[in-house]
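What follows is calculated from the coordinates using simple rules that are stated; it is not laboratory data. Treat the numbers as computed from the prediction; the structure is a model and nothing was measured. Neighbour counts are summed over all protein chains in view; Cβ atoms, including those assigned to glycine, are modelled from backbone coordinates with ideal geometry.
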């Protein structure tokens, strides 16, 4: 294996002898008492440093608990908020010879339903969680449900034994089931072995030019997603380096926390989807902040379409603080390949993007990392495409999973790709792109193509044009979906409106502009433009637009729509139905938040998430205290996270009140 880690004798032996992730953890634990993880509570307050040696002992104690339940080789749900407890539980699961299934803690009935379906799909045999999550979730589980029948094992950071008589773990053993979060349809768990994960960590190490013990990774991504888990949390341990991390919520509430952590801890590697850079560039006011970003050498960006304008704006804002444009590391990956497929730092003076097949600007995703094989295939003829020609991206390599958990039909459809010449099998990514001068360019997804009058239109292209039609439309906040029409699919644009335009939006003017821009660019026109409040477009927890969910919500009349332009007369949104108690609570919340934030009451959007209204975690706890006093009874502040908008909270509290 070609890796910088071969400079270390113990690590070299581990890699060459086919050791598992468990062997790697034990090597790191023997390496000394230097810090491995620091968690920034609320994004600011650092935990006590956790060393690899202490981590191993805590994880040993958790592994003993699982073995006492006679569990081995079984899927185990890991339900934790972001923090050190999750890391310890992850390793405890692997040490006991079981399969880790990281999931997002459910907030509300919809997410609980998803978790129940995921538990059934995975065949989970137990739940690992902390005491707080256990108390909160168990009380809401329906009697007799699959989750209520599983053993719930509480864990903490109590130190366990130095060694345990755990099972021998082969490198080809299944380590993780990686489920996508927030998607629609039946859950699909990507089956990842120890070997898949180690191969991908090595690829990241080489592509990022990491050296053993020489990187500091700073993270703000979800711990249950591939980029957060394998990129932020496991890569530093693979290197024997430090990881400093915070929750995504802490970042979203105050984006400067992320950059301050990079500055304070001299972070070398950090990043995320396009939206984290956009949020920093638009929410952080230059001047008055003390930052030194000169240590940041790998600013990776991926997981969603990369917008060159966002990166250029970020660089312009933060170059005075030591940020260098050549630190940008655009990349491409997917859960089916563990995480990482292609990427590289931008070369000084080199173009950031090229003109795509349909005249749109396409950002490079860097070179394909060996030993993978990547080909671009015509999705109709299944013949490999020459360089520069668009097609579906197909992939194979040691980091690529063998399939989906207990789902042979989807496994064959995704992982069994054969070219017309019989070459394969390859994993069909569903992404469209082309290779030029050795670099990968991703242009869209096959599943986001809208066909109108025989024209194949990419949702990303439509969204980019619609988003630039008028300044009232929030950046990167348009969804182009296909709605059924009289003679086939018709385009509907869903656009989030910036708060500054909420009270004076000329929906006819803006709708006309969107209609004209799309018609001029693509030769077809949208049937309707639906305007929703900020945060109204369904997204995954990593920020990706859920187009299928957008379309379903549109057809069901469930979008937070407040205006609409369409070719045959405008139509307004349905009114939200509320009880008298809910209306009274909503009125108090609007008045209190308006006073706190220095706004007029009609400027407080009742469908905006609380962070969008400028409320951080401290504000939310203070508001919960005031609301408890006003209602004359106490309630758990967690209800704010389960009902993250004024309307949802008012209805949720009114429902609770009706049961008292």
Estimated D of segment 173-279 in µm² per second, where Rh is the Kirkwood radius over Cα pairs and Stokes-Einstein applies at 25 °C, 0.890 mPa s:
166
Intensity falloff of segment 33-91 expressed as log10 I(q)/I(0), Debye formula with alpha-carbon point scatterers, at q = 0.14, 0.18, 0.21 Å⁻¹
-0.46, -0.69, -0.86
Peptides 118-131, 233-246, 31-44: what's the order by average Cβ count within 10 Å, highest mean first?
233-246, 118-131, 31-44
At 0.36 nm per residue, and after removing the present C-alpha to C-alpha distance, how many nm does the segment from residue 387 to residue 35 gain when stretched out fully?
122.1 nm
Binned Cα-Cα distance frequencies in segment 377-497 - 5 Å width, integer %:
2, 10, 15, 16, 17, 15, 13, 8, 3, 1, 0
At 7 Å along the Cα-to-beta-carbon direction for both residue 146 and residue 380, put a label point, then send me their distance in nm to one decimal.
4.1
Spin-label proximity, residue 156 to segment 61-104 - amide N less than 20 Å from point 7 Å beyond Cα toward beta carbon
61-68, 79-93
Report, as a whole number in µm² per second, the diffusion coefficient that Stokes-Einstein gives for the chain at 10 °C and 1.306 mPa s using the Kirkwood radius over alpha carbon pairs.
61
Pull out the extension gain between residue 347 and residue 168, defined as 0.36 nm times the separation in residues minus the alpha carbon to alpha carbon distance; nm, one decimal.
59.9 nm
Provide, for q = 0.21, 0.23 Å⁻¹, the log10 of I(q)/I(0) from a solvent-free Debye sum over equal Cα point scatterers in segment 373-446.
-0.89, -1.04
Rounded to one decimal in Å, the inverse mean reciprocal Cα-Cα distance for segment 277-322, i.e. its Kirkwood radius, is 11.5
Given 23-29, 221-227, the highest-first ranking by average Cβ count within 10 Å works out to 221-227, 23-29
Using alpha carbon centroids, what distance separates segment 215-266 and segment 279-312, in Å?
14
Restricted to the chain, the DSSP antiparallel beta bridge percent, nearest 5, is 65
Hey, can you rank 272-278, 155-161 by average C-beta count inside 10 Å, highest first?
272-278, 155-161
Report the gain in length on full extension from residue 501 to residue 584: 0.36 nm times residue separation, minus Cα-Cα distance, nm rounded to one decimal.
27.2 nm
In Å, what Kirkwood hydrodynamic radius results for segment 101-156 from the alpha-carbon pair distances?
11.4
Calculate, for residue 139 and residue 628, the FRET efficiency according to 1/(1 + (r/R0)^6) with r their C-beta to C-beta distance and R0 25 Å; round to the nearest 0.05.
0.85
Using a Förster distance of 25 angstrom, determine the FRET efficiency expected from the C-beta separation of residue 508 and residue 282, and round it to 0.05.
0.40
Below 8 Å, C-alpha to C-alpha, sequence gap of six or more: please give me the relative contact order for the chain in percent.
9
If every alpha-carbon in segment 53-204 counts as one equal scatterer, what log10 I(q)/I(0) does Debye give at q = 0.11, 0.15 1/Å?
-0.41, -0.77
